[in-house]
Amino acid sequence: MTTTAPDPTKTTVRQQVLVLYLASSALDARTVGWSTYDGTGATSPTTGDSDVPPYASGLEALKDGWRLFQAAQLLPPQHGHEYDVSFLKHEFFFEKLVTV
């Protein structure tokens with residue numbers, strides 16, 4: 001099987017994804033957790049590779065050009081489970097489209 005080299009005259013768009021977990025459902029709430037994924041292959045971020053979030057809030061990510069494409073549903077806790085510890089529920093997904 002032969003492979004051909006990429007054509008340098010053609011541009012390709014790749015997606016970068018940013019997942020922010022915020023302290024509340026408001027986009028200007030403080031970031032408490034995050035994940036990043038780079039479809040360009042330029043970086044290989046891993047969980048726990050930084051103590052500092054990439055953005056202080058979801059609003060800061062929007063101001064830097066990230067596009068919000070999903071926010072978590074706001075579901076009230078079941079009666080009797082108001083103080084259970086579980087997953088981080090205020091999850092926001094952002095994307096950037098990058099030309100490589």
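Here is how the numbers come out for the structure above:
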{"item": "Pairs with Cβ under 8 Å, 6+ apart, first in the stretch 18-31 and over 9 Å from H90 (Cα atoms) and open to solvent by 60 Å² or more (accessible area, probe 1.4 Å), second hydrophobic (A, V, I, L, M, F, W, C) and not in a loop (DSSP other than H, G, I, E, B)", "result": "D28/L59; R30/L22"}
{"item": "Any hit, the stretch 74-86, residues being of a type outside the set (D, E), more than 30 Å from T9 (Cβ to Cβ) and part of a strand (DSSP E or B)", "result": "no"}
{"item": "Residue tally, condition modelled with pLDDT under 90, part of a loop (DSSP other than H, G, I, E, B) and within 16 Å of L20 (Cβ to Cβ), over the stretch 36-72", "result": "7"}
{"item": "Of all residues making up the stretch 32-77, the number that are polar (S, T, N, Q) and surrounded by 14 or more Cβ atoms within 10 Å (Cβ to Cβ)", "result": "4"}
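The values are calculated or read from the model by the stated rules, or taken from the named source; none is laboratory data. The structure presented is a predicted model; accordingly, all values stated were derived computationally and were not measured. FYI the Cβ positions are ideal-geometry reconstructions off the backbone, even for glycines, and counts take in every protein chain you see. Areas reflect the complete protein model, heavy atoms only, side chains present, ligands, DNA and RNA absent. Shrake-Rupley method; radii C 1.70, N 1.55, O 1.52, S 1.80 Å.
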